[in-house]
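Notes follow the structure.
The values are calculated or read from the model by the stated rules, or taken from the named source; none is laboratory data. Bear in mind the structure is a predicted one, so any value in this text is a computation, not a measurement. Methodologically, a virtual Cβ is constructed for each residue, glycine included, from the backbone with ideal geometry; neighbour enumeration extends over all protein chains shown. Quick note on the areas: whole protein, heavy atoms, side chains included, nothing else; ligands and nucleic acids left out. Shrake-Rupley method; radii C 1.70, N 1.55, O 1.52, S 1.80 Å.
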Number of protein chains: 2
Amino acid sequence: MQLDTTIAAIATAPGMGAIAVIRMSGSNAIAIADKIFRSKSPKKKLENQKPYTIHFGEIADGDKVYDEVLISLFRAPRSYTGENMVEISCHGSQFIQQQILELLVRQGAQMAQPGEFTLRAFLNGKMDLSQAEAVADLIASSSEAGRRIAMMQMRGGFSDLLRQLRDKLLTLTSLIELELDFSDEDVEFANREQLNQLVNQMHSHVSKLAESFSLGNVLKQGIPVAIAGKPNVGKSTLLNTLLKEERAIVSDIAGTTRDTIEDTINIGGITFRFVDTAGLRETEDYVESLGIERAKTKISQADIVMLLLDPTELVRRLEEQVSNIKVTLTPQQRLLVLINKADMLSEEAITTLEQQLTKAHPLLEMLPISARIHINIDKLTHLLLEYGKQRITESDDVVITNLRHYQALSESVKALEDVKAGLALNLPNDLLAFHLRDVLRHIGEITGEFTNDEVLGNIFKNFCIGK
Amino acid sequence: MQLDTTIAAIATAPGMGAIAVIRMSGSNAIAIADKIFRSKSPKKKLENQKPYTIHFGEIADGDKVYDEVLISLFRAPRSYTGENMVEISCHGSQFIQQQILELLVRQGAQMAQPGEFTLRAFLNGKMDLSQAEAVADLIASSSEAGRRIAMMQMRGGFSDLLRQLRDKLLTLTSLIELELDFSDEDVEFANREQLNQLVNQMHSHVSKLAESFSLGNVLKQGIPVAIAGKPNVGKSTLLNTLLKEERAIVSDIAGTTRDTIEDTINIGGITFRFVDTAGLRETEDYVESLGIERAKTKISQADIVMLLLDPTELVRRLEEQVSNIKVTLTPQQRLLVLINKADMLSEEAITTLEQQLTKAHPLLEMLPISARIHINIDKLTHLLLEYGKQRITESDDVVITNLRHYQALSESVKALEDVKAGLALNLPNDLLAFHLRDVLRHIGEITGEFTNDEVLGNIFKNFCIGK
């Protein structure tokens, strides 16, 4: 983290394109560019040009003209990194890109590390840490939901308010610590009423953010779906039908990697992710009963649970299965009961079965299907899509998608609860201050007021070079 | 070729990068950008901004914010295409790139065809046709020589002078055609002396350009090398040694495609291309004697001919082989005589052999090698590199690399010779004018004064989209 160096990197995707952009940031960026840039008439030095301007000319070293380029000029602090910046837009030959980058290095720039431009933006106070992380999420986003959440976070969607609340808490905490110096005199600098209010406000806000993590993750990685049901009821056939036959065959061949395969399908732009489908496909008997722990865990991770029933069983046994699974579900989880093998039943039989199940479990969503001969599969995917859309539109609120944030928020919630308990118990100031500092630290970890090289290293190593 | 439309395309390499650039060109480019761009404070319309400026803001459609971007603004005629242009520098997610491009299309832009930006630059008179072609060469360039030649051509390296000469000839031709109208009066508007001079000047210039094609091609595609020698002398072993063993084995396995494989090696950054090595490797007996036509053709295409001799043959037979091949070579071609199987001879034997060959053929370059056990192979590659460097440095002059240009130049040379002959024979004006028009047409084909949709289509279809 030597901020006095000037860094350079190719910022556009690797490979050949019409144009490519090489960016440079640091106090010497403009001076280095001036060494190798010759403007077309009139002759001019970039050093003397206004920021936010574009200049046409050639990149040259002595007699050797490398390329004709456009140079975009930015000056500290009004740039992405907060430093002087130069962007060179050259012809998109990989050879030329590499040559120009090497020339910049020969003239004194250093090759940028992954994410180093954004790291500098953070260190120079252009964005907080959660915003910096959102930049990488934005670049990696491949769906509308992923893009929107990353954008929101990059624009300070949740960290702005957190920072404001933290600042207020910092002031009050400092006042409480000041009281410690005057402990003999029993003065009260920090308004306890105000502190109480603020801590409650923060607790409710931070809890809500932490809870949004499950939704955030859903939007980022796909909506988790579990297929439950007794052995041999046709779970793997249904999955294969949903994944379309050919894909399932390919997965079967690639048996060695199946443990890590997560099957996803994309319906109408929304991704659905099948929880633990690898195991499910490998052996039909892993869910020996809905009561076993492992199946419960899998089901608890799902947003949508599809319970597959075999209509040839006794209705009492079917009702039991529905009851068993309903017990394990939270109100946020959606249950879909699928009556499989519908091709083997008369319509009358299906209706009777549906009525009997509804009697025991009102409001049950049911669909007769045949995974084998594709009855009602399009209705099923339509239901999945409808539910996915509901989930997506729920997310107009700020949501958390980053595990690091979730962990810090969870720790903040705990610390805030300690503070609340302390206030209720009239805990001594030194113990109260200890818990308050805990809150400040955990929230500060999210926005980057509290950080260290290891944390930064972990965050930025996953960036692309040039960002 | 509807110049009244506004076109848009992703201009950077496909895939994910830190940033990506989407460009738009046409009379509505700025107006379309204004519909979807919101500048950060202060609010402003791009329409009211100066050209060559950069603007930070967001791409949005109603409530939906797509991304935070930088917009670069160019105004006709001072832009690449000569039209209004907008470049949007966005986050490099493929999803975001695609979304913004689709938004531009919804707002009235059309997806650009391959090379359409450069086609417009040509049609708007920003560059001539040979310069436009050089843009594609520059983007595709993957070596120093390729880059330099493309740059030179893009900057009007050879077409500027051609255009000037053509303009002069056009004036004189028009004057001669004017004389036709006054043919009864025997007037002479066009100065014959001047015409003679100009035609001679053009003939010498155009011939030189046409001749440079072989060098240009060498620099673009690699220096052609032929390995000659009698059957079983070890040609394929030498080639395999040069290509390194492993590569040759791979090629052997891929036997079905071998007819189209051209073997190239890169020594010190210079590419050497082995002429017809596929055939050479497939069967040892294709050069049954150096006299057969096919071998001659292959050898005539090479810049460097390596004649491989078997020292166990009679010296008289070896001398014959050298004589035979020397007859077929032009002064520009370089001959290297390799005495193979050096591992089976004493040093004395080699020296004696070299002396005897030199007696018959002074200044012969000779090297004893063993292709089998790698004797002097590094000396051989060093010699190739030295020769390659000479070839490259020869090319400070303008060189032609484009077959289309070469053909037009060759036709121009023929037409100029017809004009010269006509002037010498005092040909009637109408016949002279006919030949002059021929010259004008062929030269105009290079620079694009003479063209048609089919020619343009062929040229630009090989461009990337976004250029």
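Averaged over A:402-410, how many beta carbons belonging to a partner chain fall within 10 Å of each residue's beta carbon?
On the way: counts 0, 0, 0, 0, 0, 0, 0, 0, 0.
What the average comes to for A:402-410 is 0.
Is it possible to state the helix-based mean residue ellipticity at 222 nm for the protein assembly as shown, with each DSSP H run of 4+ residues giving -39500 (n - 2.57), the sum divided by total residues, to the nearest 500 deg cm²/dmol? What is it? Mind dumping the intermediate values first?
Values: 34 runs with 462 residues, N = 934.
Counting only the DSSP helices, I get -16000 deg cm²/dmol.
Can you find, among B:Ile443, B:Ile377, B:Gly388, the residue sitting farthest towards the positive end of the charge dipole of segment B:329-461, where Lys and Arg contribute +1 and Asp and Glu -1 at Cβ?
Farthest along the dipole direction, towards plus: B:Ile377.
Tell me, what ³J(HN,Hα) does each residue in segment B:144-158 have, in order and in whole Hz, if you take phi through Karplus 6.51 cos²θ - 1.76 cosθ + 1.60 with θ = phi - 60° and put x for Gly and Pro?
Coupling constants for segment B:144-158: 4, 5, x, 4, 5, 5, 5, 4, 4, 5, 5, 8, x, x, 10 Hz.
Do me a favour and compute the ellipsoid semi-axes for segment A:389-467 from its Cα gyration tensor, root of five times each eigenvalue, largest one first, whole Å.
Working: eigenvalues 187, 87, 10 Å².
Gyration-tensor ellipsoid for segment A:389-467: 31, 21, 7 Å.
Based on alpha-carbon positions alone, could you give the equivalent ellipsoid semi-axes of segment B:7-128 from the gyration tensor, as √(5λ), descending, whole Å?
Details: eigenvalues 95, 61, 30 Å².
Working through the eigenvalues yields semi-axes of 22, 17, 12 Å.
If the protein assembly as shown were replaced by its equivalent ellipsoid, with semi-axes equal to the square roots of 5 times the Cα gyration tensor eigenvalues, what would those be, largest first, whole Å? Please list the in-between numbers first.
Details: eigenvalues 919, 308, 204 Å².
Largest first, the protein assembly as shown gives 68, 39, 32 Å.
If you take the alpha carbon radius of gyration of segment B:299-351 and divide it by 2.2 N^0.38 Å, what ratio comes out, to two decimals? Display every interim value, and only then the final one.
Working: Rg = 12.4 Å, N = 53, 2.2 N^0.38 = 9.9 Å.
It is 1.24.
Relative to the longest principal axis of chain A, what angle (0 to 90°, nearest 10) does the C-alpha long axis of helix A:129-140 take?
Once rounded, one gets 70 degrees.
Could you compute the FRET efficiency for B:Leu314 and A:Gln98, with r as their C-beta to C-beta distance and R0 at 56 Å, rounded to 0.05? Please list the in-between numbers first.
Numbers: r = 53 Å, r/R0 = 0.95.
Plugging the Cβ-Cβ distance into 1/(1 + (r/R0)^6) gives 0.60.
From the mean inverse distance of alpha carbon pairs (Kirkwood) and the Cα radius of gyration, derive Rg over Rh for segment A:335-467.
Working: Rg = 26.2 Å, Rh = 20.4 Å.
With Rh from the inverse mean 1/r over Cα pairs, Rg/Rh is 1.28.
Relative to the longest principal axis of chain B, what angle (0 to 90°, nearest 10) does the C-alpha long axis of helix B:403-424 take?
The answer is roughly 80 degrees.
Determine the residues within segment B:79-102 where the difference in accessible area between the chain on its own and the full set of protein chains amounts to at least 30 Å²; count protein heavy atoms only and use a 1.4 Å probe.
For segment B:79-102, once contacts with the other chains are taken into account, B:His91, B:Ser93, B:Phe95, B:Ile96 lose 30 Å² or more.
Treating the beta-carbon of each Lys and Arg as +1 and of each Asp and Glu as -1, no other charges, what is the dipole magnitude of the protein assembly as shown about its Cα centre, to the nearest 20 debye?
Values: 100 positive and 126 negative charges, 151 e Å.
Dipole size: approximately 720 debye.
Could you size up the charge dipole of segment A:339-380 around its Cα centre, putting +1 on the beta carbon of Lys and Arg and -1 on that of Asp and Glu, and report it in debye to the nearest 20? Present the calculation step by step, with values, prior to reporting the outcome.
On the way: 4 positive and 6 negative charges, 27 e Å.
Here segment A:339-380 has a charge dipole of around 140 debye.
Quick one: grab Rg to one decimal and Dmax as a whole number for segment B:79-176, Cα atoms only, in Å.
Rg and Dmax of segment B:79-176, Cα atoms, are 18.4, 62 Å.
Could you list which residues have their amide H under 5 Å from that of A:Thr271, counting only those 5 or more apart in sequence or on another chain, with H placed in the peptide plane?
A:Ile223
Indicate the residues belonging to segment B:52-75 that lose 30 Å² or more of solvent-accessible heavy-atom surface (probe 1.4 Å) upon moving from the chain alone to the assembly of all protein chains, ignoring ligands and nucleic acids.
B:Tyr52, B:Ile54, B:Lys64, B:Val65, B:Glu68, B:Leu70, B:Phe74
Hey, what's segment B:37-165 come to in accessible area per residue, 1.4 Å probe, Å²?
Values: 4790 Å² over 129 residues.
Result: 37 Å² of accessible area for each residue.
Work out which residues of segment A:2-49 lose at minimum 50 square angstrom of accessible surface when the other protein chains are put back, relative to the chain isolated, with a 1.4 angstrom probe, and list them by number.
Output list: A:Ala13, A:Met16, A:Ala18, A:Ile19.
Using only Cα atoms, find the angle between the long axis of helix A:429-447 and the longest principal axis of chain A, and express it within 0 to 90 degrees, rounded to the nearest 10.
Long axis of A:429-447 versus the principal axis of chain A: about 80 degrees.
Expressed as a whole percentage, what fraction of the accessible surface of the protein assembly as shown belongs to carbon and sulfur atoms when a 1.4 Å probe is rolled over the protein heavy atoms? Kindly include the intermediate steps, with their values, before the conclusion.
Working: 21520 of 42170 Å².
Roughly 51 percent of what the probe reaches on the protein assembly as shown is carbon or sulfur.
Among the trypsin sites (Lys or Arg not before Pro) within segment B:37-71, which fall in a DSSP loop and have no more than 15 other Cβ atoms within 10 Å of their own Cβ?
B:Lys40, B:Lys43, B:Lys44, B:Lys45
In Å² (nearest 100), what accessible area is buried between B and A, both sides summed, heavy protein atoms only, 1.4 Å probe? Don't jump to the answer; show the numbers that get you there.
Working: alone 23020 and 22980 Å², together 42170 Å².
Summing both chains' loss of accessible area gives about 3800 Å².
If you take the charge dipole of the protein assembly as shown about its Cα centre, with +1 on Lys and Arg Cβ and -1 on Asp and Glu Cβ, which of B:Leu309, B:Ile270, A:Val322 is farthest toward its positive end?
Checking the options against the dipole of the protein assembly as shown, the answer is B:Ile270.
How much net charge surrounds B:Asn402 when only the other residues with a Cβ under 11 Å from the Cβ of B:Asn402 are counted, with Lys and Arg +1 and Asp and Glu -1?
Numbers: positive: B:Lys220, B:Arg404; negative: B:Glu133, B:Asp137.
Neighbour charge sum, excluding B:Asn402 itself: 0.
Could you give the size of the charge dipole of chain A about its Cα centre, using +1 on the Cβ of each K and R and -1 on the Cβ of each D and E, expressed in debye and rounded to the nearest 20?
Working: 50 positive and 63 negative charges, 329 e Å.
Dipole of chain A, to the nearest 20 debye: 1580 debye.
Starting from segment A:393-467, pick out the chymotrypsin sites (Phe, Trp or Tyr not before Pro) whose DSSP state is loop and whose Cβ has at most 15 other Cβ atoms within 10 Å. Spell out each step's value before the answer.
On the way: sites: A:Tyr406, A:Phe434, A:Phe450, A:Phe460, A:Phe463; in loops: A:Phe450, A:Phe463.
Hits after loop and neighbour filter: A:Phe450.
Counting only the heavy atoms of the protein chains, how much of B:Ile59 is accessible to a 1.4 Å probe, in Å² to the nearest 10?
Near enough 0 Å² of accessible area.
With r as the distance between the Cβ atoms of A:Leu385 and A:Thr358 and R0 = 30 Å, compute the FRET efficiency 1/(1 + (r/R0)^6) and round to 0.05. Could the numbers behind the result be given before it?
On the way: r = 24 Å, r/R0 = 0.80.
Taking R0 as 30 Å, the efficiency between A:Thr358 and A:Leu385 is 0.80.
How large is the convex hull of the Cα atoms of chain B per residue, expressed in Å³ as a whole number?
Per-residue hull volume (Cα only) is 197 Å³.
Given the pairs B:Lys220/B:Lys414; A:Lys208/B:Lys45; A:Lys359/A:Lys379; A:Lys208/B:Lys64, which are separated by over 29 angstrom at their Cα positions? Write out the running numbers ahead of the final one.
Numbers: B:Lys220/B:Lys414 26 Å; A:Lys208/B:Lys45 39 Å; A:Lys359/A:Lys379 23 Å; A:Lys208/B:Lys64 24 Å.
Where the Cα-Cα span goes over 29 Å, the pairs concerned are A:Lys208/B:Lys45.
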